[in-house]
1. If you check B:Gln169 against the conditions, is it within 14 Å of chain A (Cβ to nearest Cβ), open to solvent by less than 10 Å² (accessible area, probe 1.4 Å) and not in a helix (DSSP H, G or I)?
2. Taking segment A:416-436 as the region of interest, how many residues are open to solvent by less than 30 Å² (accessible area, probe 1.4 Å) and either modelled with pLDDT under 85 or not aliphatic (A, V, I, L, M) (or both)?
3. Count, please, the residues in segment B:111-129 that happen to be of a type in the set (D, E, K, R) and either buried (at least 17 other Cβ atoms within 10 Å of the Cβ) or in contact with a helix residue (DSSP H, G or I) (Cβ under 7 Å, 6 or more places away or on another chain) (or both).
4. Could you list, ordered by first residue, the pairs with Cβ atoms under 7 Å in which the first is in segment B:463-487 and touching a residue at least 12 places away in the same chain (Cβ under 8 Å) and surrounded by 15 or more Cβ atoms within 10 Å (Cβ to Cβ) and the second is among the basic types (Lys, Arg) and not in a helix (DSSP H, G or I), at least 6 apart or interchain?
5. Select from segment A:256-267 the residues that are free of Cβ contacts under 8 Å to residues at least 60 places away in the same chain and either surrounded by fewer than 16 Cβ atoms within 10 Å (Cβ to Cβ) or not assigned by TED's automatic domain parsing to the domain that holds A:Ala22 (or both) and list them in ascending order.
6. Give me a count of the residues in segment B:294-350 that are at the interface with another protein chain (Cβ under 10 Å from one of its Cβ atoms), open to solvent by 50 Å² or more (accessible area, probe 1.4 Å) and of a type outside the set (Asp, Glu).
7. Hey, B:Leu132 hits all of (1) surrounded by fewer than 23 Cβ atoms within 10 Å (Cβ to Cβ); (2) touching a strand residue (DSSP E or B) at 6+ places or on another chain (Cβ under 6 Å) but one; which does it fall short on?
8. Can you find, within segment A:69-89, the residue that is farthest from A:Asp37 (Cα to Cα) among those that are crowded, with 23+ Cβ neighbours inside 10 Å and within 16 Å of the chain's Cα centre (by Cα)?
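The values are calculated or read from the model by the stated rules, or taken from the named source; none is laboratory data. Keep in mind that this is a model prediction, so the values were computed, not measured. Note that we place each Cβ from the backbone using ideal geometry, even for glycine, and neighbour counts take in every protein chain shown. Remember, those area values only see protein heavy atoms, side chains included, never the ligands or the DNA or RNA. Shrake-Rupley method; radii C 1.70, N 1.55, O 1.52, S 1.80 Å.
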2 protein chains.
Amino acid sequence: MNSIQMPNFFTKRVHLTPNRPAVKFGQKEWTFKELYDLAYKAAGHLQGANVEKKDYIAVLLKNHIDSVVVLLALQLIGTKAVILNNRLTAEELLYQLNDSQASLLISEDSFQDTLNSVKKGSNINLILKEELDEIPYQIPLIQEEIDLDDICTIMYTSGTSGNPKGVKQSYGNHWWSSIGSALNLGITENDCWLCTVPLFHISGYSILMRSIIYGMKVVLHETFDEKAVIHDIDEERVTIMSVVSIMLSRIIETLGEERLPAYFRCMLLGGGPAPLPLLEKCTSKEIPVYQTYGMTETASQFVTLSPEYSLKKLGSAGKALFPSQLKIVDSLGNELPPNESGEIVVKGPNVTSGYLNKDHQMTEGWFFTGDIGYLDNEGFLFVQDRRSDLIISGGENIYPAEIEGILLSHPNIIDVGVIGKEDEKWGQVPVAFIVTSTGTDLDDNQIMQYCSEKLAKYKVPKQIFYLKGLPRNASKKLLRRKLHEWL
Amino acid sequence: MNSIQMPNFFTKRVHLTPNRPAVKFGQKEWTFKELYDLAYKAAGHLQGANVEKKDYIAVLLKNHIDSVVVLLALQLIGTKAVILNNRLTAEELLYQLNDSQASLLISEDSFQDTLNSVKKGSNINLILKEELDEIPYQIPLIQEEIDLDDICTIMYTSGTSGNPKGVKQSYGNHWWSSIGSALNLGITENDCWLCTVPLFHISGYSILMRSIIYGMKVVLHETFDEKAVIHDIDEERVTIMSVVSIMLSRIIETLGEERLPAYFRCMLLGGGPAPLPLLEKCTSKEIPVYQTYGMTETASQFVTLSPEYSLKKLGSAGKALFPSQLKIVDSLGNELPPNESGEIVVKGPNVTSGYLNKDHQMTEGWFFTGDIGYLDNEGFLFVQDRRSDLIISGGENIYPAEIEGILLSHPNIIDVGVIGKEDEKWGQVPVAFIVTSTGTDLDDNQIMQYCSEKLAKYKVPKQIFYLKGLPRNASKKLLRRKLHEWL
């Protein structure tokens, strides 16, 4: 068998359970059939705009029912969706639009400012979702059958060095991720997943995929708001929710003395190692936290702590989900015994086949995550450092190399090192160590202003330190740990 | 991606949830870890008997914990298990052993007579499970990783004509079948599947696979006994059970006025079209029946009625499970519109790649089942009959199952089989074989009168034969060819 064909996930779901609730957004709820009708209509207008299966179509959209409709319309046509992060600057967007060779950008009014700048740097076709209906409708050509190897989505990760890389996520990657999760968490007819994480992230998009594959209702919020979360867990009988640490903290704080209802069965906690005090607080409040570890390249969850161990192995991310394998290797790629730290390498059908326009070396299907961790004697994974130099700020990945690149592009900056600093609110924030050219008079404001023009706000360094030189090793590699010591 | 590698299902399950209960047999229960230790030991003795991954190893075993251990030991080694039907004659066994080129037969004392005859006709190596421990132990070479395209099992189907054919069932076929079922029925931590169907059939073996893939307890019975069933549903908190019509009838009869407990959530009813009166009886007793359609070639269930339609579409087998596709075609292979009967053809990753040593034509992955059915306007499948069982009388199609359903609804008829008899005038006419409840005095006239009230004249059986019991195979499926022989 060279590849596996399956029915189009969305049309199959609609065929199986048309009348089950699919999405609740705002005050309204849509069944799978109602959602299909909307997506089919959108697909017809997109067809009118000459969107075809072979195309890469970029989307820049907020969490909204309209976005769900557009994303599903693209699945119906079978085109490849290049899903753009809402917080990127025009310059960052331009890079990804260019790299993916997207033929069309679907966006919305609320990004007008950014879009104006994008239009200056590119002649890409732009459709605003508000104007989709104005495009002449054509009966869409629906892909009733898909190949699991077909690319469904492209999501850019900033990468550890240089430019962001477009991760190819096939239908199979999404499928296996959903199935791996189901085999761990179970699936019941009463399940309802609350999505307050962005649909443009794998954390959010994977919830949409699970909805279709399981036939499960998703309650979609535009942004994370702890009061709205607590309200909807109650009102919509939410059973599962995806969070990062800072979201969970806020929920607990807002809950005060109250408890979550008994049917709420899983708080899926990703986005980096969780602080132990937070996990302990959840235990005392009987909030069922499942720590998890995953990335864009593994189409979400890869390792999750199984129900029976959620207390006994507090702090562990668990074991690799059923379809997946995991090992810890040293710098030569040799497998390490339990309790020794090394690089986490993973293998499984939910792992990406690679990056767009980039080579990526995989050894017999093993993907090197760049993350550091160890396995205990029973094979439970403890993730120690989310990539040695990665900064995680409010659940967002920030790669120092990217900020360093921007800073180095400033004519008066000659060397730079960026690291994460502990922050009560965000977990971490980026700070920069800078060496300026002699005789220059640069101040914090000027530097931050410079960064703001080129970087999303959360990536702009929150503090600047001025040095005469940076600590580097013999081969001139920046010694970030020295910077951490200084901090 | 050419093929998909995954962890060995059984070792992965043991790694994930070693302490969950796996199998209950007789008075004893084994966790996955305990079961693994037994299977690992058995694998060591099999290794001592030179069993290797490349081999075809035949097994002739009754439902028993030892059989589970042997079957799982073969999965650990990664060898191909040729699973033999317990009810075959020595001659039939010899054909299958020869056709599969099995290098070893693993069996048990209780088949001694048959085995003696087999030994006369073959020089195959034989190991009795009772003597497995006597083979020098070697540390087994466990396949920690499998390829979904690897063959896991071979099961022979009698076919309707000619010699039986060995169906190649890959790990992938079993996997996708399990996942398709899970997406329809859901999976919960409390699930427990009662297996009274034979492990040598796909109906039983697929329960074993689901156990490993879901991490679910199986209660294994040596044979079907309705009292033991009712007892264990209660005692072991069984939630799901696989049955064929006659088993379900007996359970209902034995239940009398009692009900099954509320946690019992699924009676998976396969093995051919079910008589409507039986389904109606289940509805009135609130037994959640899921009609299903599948075969050895699809690694069990292919079409199952989804929860919300179990009442509304009484009598339908449902829709093709999530990973699968289905259509109805005419004799030229053209797809037929709703409500027109034709051959059922199926496609999906749980469908066999073909038969051992036999060509089997598939068109773009579509498998021709030889079964007759139609889809209603909403796409629900109604299986009418095996094509070979179809009776054509004066140009009219008559489906034996329909007549059998009517006869079974008679209060004094407990079992029935209908076949076509050659007829000079009509080509064929239907005749019925009947088992009446003890002490009943039914005559031909009464029965034909009863049928005439409910069936078109050409469908009314033209002859009635009274038997003490009907010929059924190990999974209680009616052997119509035996009836033909009698005729």
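1. Working: within 14 Å of chain A (Cβ to nearest Cβ): yes; open to solvent by less than 10 Å² (accessible area, probe 1.4 Å): yes; not in a helix (DSSP H, G or I): yes.
Criteria met by B:Gln169.
2. The total comes to 4.
3. Of the residues in segment B:111-129, the ones of a type in the set (D, E, K, R) are B:113, B:119-120, B:129.
Then keep just the ones that are either buried (at least 17 other Cβ atoms within 10 Å of the Cβ) or in contact with a helix residue (DSSP H, G or I) (Cβ under 7 Å, 6 or more places away or on another chain) (or both); that gives B:129.
Qualifying residue count, segment B:111-129: 1.
4. Final answer for the pair search is B:Asn473/B:Arg87; B:Ala474/B:Arg87; B:Leu478/B:Arg472.
5. If the condition is that a residue be free of Cβ contacts under 8 Å to residues at least 60 places away in the same chain and either surrounded by fewer than 16 Cβ atoms within 10 Å (Cβ to Cβ) or not assigned by TED's automatic domain parsing to the domain that holds A:Ala22 (or both), then A:Gly256, A:Glu257, A:Glu258, A:Arg259, A:Pro261, A:Ala262 are the ones that fit.
6. 0
7. Single failed check for B:Leu132: (2).
8. Applying the filter and picking the extreme gives A:Leu84.
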